[in-house]
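The values are calculated or read from the model by the stated rules, or taken from the named source; none is laboratory data. Note that the structure is a prediction, hence the values are computed from the model and not measured. Note that we place each Cβ from the backbone using ideal geometry, even for glycine, and neighbour counts take in every protein chain shown. Ligands, DNA and RNA are excluded from the accessible area calculation, which covers all protein heavy atoms including side chains. Shrake-Rupley method; radii C 1.70, N 1.55, O 1.52, S 1.80 Å.
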Amino acid sequence: MFRTKICGVRLEQDVRAVDQSGGDAIGLNFFPNSVRYVDPQSEATQQLSRLANELGLLRVGVFVNESAERIAAIAATVGLDAIQLHGDEPIESAESLRLMGWPLLRAIKLPRGAFAAELMEERSAAWVAIGCQLLLDVDAGPAHGGSGKTLDWPSVASWAHDHPSVGWTLAGGLKPENVRQAIDATGAVSVDTASGVECPRGVKNESRIKAFIAAAIG
């Protein structure tokens, strides 16, 4: 779906920085409890989406525990290309959205330490079966992401080796300083970051965006 995604952008300058750095996608966060939340009804948010579209960037909407109907309505209002489910949504919601034609990313929340391939299979198999791309992230509890903590990359690599046909994105604590190491360790071809390109928290930093994408794409 993309090689590099900068999630939680809130300003036009963030979108331009992603484009100028050679990035592929932005994430617009519609989880009200997040420091990166943007109001889907706001003209400013819709302008972010229009700008990203003009620049050829994929627009991914991040949702947490919203109904399929509300997600679809917001996606249509804002103008999205794909939907990321990052909460505890039932698989029925994803099935409904897939029937509507939406490409989906499903966040699979994993422990920070080593985990067995069976755990990954248990948490992901049903989502893969209905055509979701997976986004592997550290379980952040009620915050639903953005923890800044990394996954156990050898565990990810072990699972990925046995599932070469599954599309997945690596997230969880990725930043300019470690994203190349993470890619080399896991074999990831798609990466996602939010807090890793911020300074201070919740505020994107242009130089960190550029450094992250440069390191990721080699």
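Observations
- Members of region 19-40 found to be modelled with pLDDT of 95 or more, of a type in the set (S, T, N, Q) and surrounded by 19 or more Cβ atoms within 10 Å (Cβ to Cβ), listed by number: SER21, ASN29
- Selection status of SER21, of a type in the set (Gly, Ala, Ser) and in contact (Cβ under 8 Å) with a residue 24 or more places away in the chain: yes
- Condition check for ALA116: among the small types (Gly, Ala, Ser) and either in contact with a strand residue (DSSP E or B) (Cβ under 9 Å, 6 or more places away or on another chain) or at pLDDT 95 or above (or both): no
To keep it simple, each residue is scored yes or no on (1) crowded, with 16+ Cβ neighbours inside 10 Å; (2) at pLDDT 95 or above.
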position: VAL9; (1), (2): yes, yes
position: SER67; (1), (2): no, yes
position: ALA94; (1), (2): yes, yes
position: PRO111; (1), (2): no, no
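- Unique match (being within 24 Å of GLN13 (Cβ to Cβ) and modelled with pLDDT of 95 or more) among ALA126, ALA214, ALA182: ALA214
- Residue within region 138-155 that is open to solvent by 50 Å² or more (accessible area, probe 1.4 Å), without any contact (Cβ under 8 Å) to a residue 12 or more places away in the chain and among the hydrophobic types (A, V, I, L, M, F, W, C) present: no
- Flag for ARG59 being in contact with a strand residue (DSSP E or B) (Cβ under 7 Å, 6 or more places away or on another chain), modelled with pLDDT of 95 or more and charged (D, E, K, R): yes
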